[in-house]
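Okay, so here's the structure we're looking at.
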Amino acid sequence: MSEKHPTRLTIRRPDDWHLHLRDGAMLQAVLPETARHFARAIIMPNLVPPVVTAKQASAYRDRIMAALPDGAGFTPLMTLYLTEDTNPADVAHAHTSGIATAVKLYPAGATTNSASGVKNFDKVRPVLETMADIGMPLCVHGEVTNSDIDIFDREAVFIDKVLKPLRKKVPDLRVVMEHVTTEDAVDYVRDNHKNLAATITTHHLIINRNHILAGGIKPHYYCLPVAKREAHRVALVQAAISGDKRFFLGTDSAPHTDPAKLQTCGCAGIFTAPNTLSCLAEVFEAAGKLKKLEAFTSLNGPDFYRLPANEDTITLEKGDPVTYPAQIETADGPVTVFDPGFDLHWRVVD
Ligand code: DOR
Ligand code: ZN
């Protein structure tokens, strides 16, 4: 094996710090795709109805465990969906009893099933202060929802108008900016050394807005936050391959059935769980930074969440193009798998 062009890579087992598993038949179908390679994942709470209380999170965790394939060693790390009525004592109980790892903030109306999200941030201040006291992270969907703000500017405006003031009011709150899509967000994280990190998705490292809109509309590339200009994608790649501890993988793998995506008002979400690690190895190799893949997928996330990195490993090998299904079948209908638009050569072999 040449040092310069490795064809085999062994890294600590990855975790996914942002994942949608859904429920029922969809959960049953998509969970094995993540459990195959990942040890843990932060599970998004935007079910219908949302997972708001410790009791609901505990019941959802039980459903996930029951849906796991036999022998799968996978740990779901649960989150609570923050509403204006969330009770600080329930959040503290969820954290100290090990039921929930983090709380998720959706600005009301920002994305799929976010109608119960936060409109008035002053109303959730007591919860945020409790979380700061106990060191519980807040996962943030960082987009404003005002109809007068252009959809491509919503993340940058959120940083200025919501996140900066919020972090000033509750400076000890530990915040994860989820699925960052802009150079603005990367710069903001880089400039703030305390209590701030960001996840980056697989697809935002690969697609820009042209992939969605040029040469015909591609609903399977539509997600939120929507992919931005190429310069932003390049900034995300630079952050991911840098090894900087504040950036780590959160796939935001978000399955919707094809009928739900391919309609007049199609759902946002890209399903990347089946081929995420192959895609990432390709991106890091193209940047000449394969040796930084482990930090992004397996070390930086546990470091921020104050959890041990996984002890066991996975091995990727480079070879002939990888075949993966274009869709997976679920009892709710087919779900299309992310197409990176290029051949994948890295496969998880062990
Ligand atoms: O594209 C997205 N899909 N973005 C989100 O924030 C939510 C997710 C979903 O739940 O489908
Ligand atoms: Zn998400």
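The values are calculated or read from the model by the stated rules, or taken from the named source; none is laboratory data. Not measured: the values here are computed from a predicted model. No Cβ is skipped: glycine too gets one built from the backbone with ideal geometry, and neighbour counts run over all protein chains shown.
Show me the helices (runs of 4 or more DSSP H) found entirely inside the stretch 190-303 where at least 3 residues are closer than 27 Å to Arg22 by Cα, modelled with pLDDT of 95 or more and aliphatic (A, V, I, L, M). Before you say what the answer is, go through the steps one by one.
Numbers: elements: 209-213, 230-241, 258-261, 276-286.
Passing ranges, in order: 276-286.
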Which members of the stretch 132-150 meet the condition of being within 16 Å of ligand 2 (Cβ to nearest atom) and either under 17 Å from Thr86 (Cα atoms) or at pLDDT 95 or above (or both)?
Pro137, Leu138, Cys139, Val140, His141, Gly142, Glu143
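From Thr297, Thr336, Thr330, Thr323, which residue is exposed (fewer than 13 other Cβ atoms within 10 Å of the Cβ) and of a type in the set (Val, Ile, Thr)? First the steps, then the outcome.
Working: Thr297 fails: exposed (fewer than 13 other Cβ atoms within 10 Å of the Cβ); Thr336 fails: exposed (fewer than 13 other Cβ atoms within 10 Å of the Cβ); Thr330 fails: exposed (fewer than 13 other Cβ atoms within 10 Å of the Cβ).
Residue meeting the stated conditions: Thr323.
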Every residue in the stretch 304-350 that is over 22 Å from Trp17 (Cα atoms), out of contact with any Leu (no Cβ under 9 Å at 6 or more places or on another chain) and of a type in the set (A, V, I, L, M, F, W, C), please.
Ala326, Ile328, Ala331, Phe342, Leu344
Looking only at the stretch 27-54, count every residue that is within 16 Å of the chain's Cα centre (by Cα), farther than 12 Å from Met78 by Cβ and more than 15 Å from ligand 2 (Cβ to nearest atom) and tell me the total.
6
Positions within the stretch 335-350 being part of a loop (DSSP other than H, G, I, E, B) and within 18 Å of Cys223 (Cβ to Cβ), in sequence order
Phe338, Asp339, Pro340, Gly341
Matching residues in the stretch 147-175 - criterion: being under 12 Å from Tyr188 (Cβ atoms), free of Cβ contacts under 8 Å to residues at least 60 places away in the same chain and among the acidic types (Asp, Glu)
Asp160
Which pairs do you get when a residue that is under 9 Å from His220 (Cα atoms) and of a type in the set (Phe, Trp, Tyr), found in the stretch 256-272, comes within reach of a residue that is modelled with pLDDT of 95 or more and part of a loop (DSSP other than H, G, I, E, B), reach meaning Cβ atoms under 7 angstrom, with the pair 6+ apart or on two chains?
Phe271/Ala254; Phe271/Pro255; Phe271/Phe338
Going through the stretch 202-238 one residue at a time, which ones are closer than 29 Å to Pro302 by Cβ and in contact with a Lys or Arg (Cβ under 8 Å, 6 or more places away or on another chain)?
His204, Leu205, Ile206, Ile207, Pro225, Ala227, Lys228
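Look at Val176 and say whether it is within 12 Å of Val140 (Cβ to Cβ), within 16 Å of ligand 2 (Cβ to nearest atom) and either in contact with a strand residue (DSSP E or B) (Cβ under 7 Å, 6 or more places away or on another chain) or outside any helix (DSSP H, G or I) (or both). Even if it seems obvious, please write down each step before you answer.
Working: within 12 Å of Val140 (Cβ to Cβ): yes; within 16 Å of ligand 2 (Cβ to nearest atom): yes; either in contact with a strand residue (DSSP E or B) (Cβ under 7 Å, 6 or more places away or on another chain) or outside any helix (DSSP H, G or I) (or both): yes.
For Val176, the condition - within 12 Å of Val140 (Cβ to Cβ), within 16 Å of ligand 2 (Cβ to nearest atom) and either in contact with a strand residue (DSSP E or B) (Cβ under 7 Å, 6 or more places away or on another chain) or outside any helix (DSSP H, G or I) (or both) - is met.
Condition test on Ala198, is it touching a Leu at 6+ places or on another chain (Cβ under 7 Å) and either surrounded by fewer than 22 Cβ atoms within 10 Å (Cβ to Cβ) or farther than 13 Å from Val103 by Cβ (or both)?
On the way: touching a Leu at 6+ places or on another chain (Cβ under 7 Å): no; either surrounded by fewer than 22 Cβ atoms within 10 Å (Cβ to Cβ) or farther than 13 Å from Val103 by Cβ (or both): yes.
Answer is no for this residue.
Condition check ((1) closer than 24 Å to Met44 by Cα; (2) more than 16 Å from ligand 1 (Cβ to nearest atom); (3) in contact with a Pro (Cβ under 6 Å, 6 or more places away or on another chain)) across all residues:
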| position | (1), (2), (3) |
| --- | --- |
| His220 | yes, no, no |
| Pro259 | yes, no, no |
| Gly269 | yes, no, no |
| Phe296 | yes, yes, no |
| Ile314 | no, yes, no |
Residue, farthest from ligand 2 (Cβ to nearest atom), within the stretch 240-274, restricted to residues that are surrounded by 24 or more Cβ atoms within 10 Å (Cβ to Cβ) and polar (S, T, N, Q)
Thr272
Being surrounded by fewer than 22 Cβ atoms within 10 Å (Cβ to Cβ) and among the acidic types (Asp, Glu) is the filter here; which residues of the stretch 129-147 pass it?
Glu129, Asp133
Quick one: what pairs do we get from the stretch 293-320, first residue under 23 Å from Glu282 (Cα atoms), second at pLDDT below 95 and not β-branched (Val, Ile, Thr), C-beta under 9 Å, 6+ apart or different chains?
Asp312/Gly73; Thr313/Asp350; Ile314/Asp350; Thr315/Asp350; Leu316/Asp350; Glu317/Asp350; Lys318/His5; Lys318/Pro6
So, in the stretch 238-275, of the ones that are in contact with a strand residue (DSSP E or B) (Cβ under 7 Å, 6 or more places away or on another chain) and of a type in the set (S, T, N, Q), which residue ends up farthest from Val189 (Cα to Cα)?
Thr257
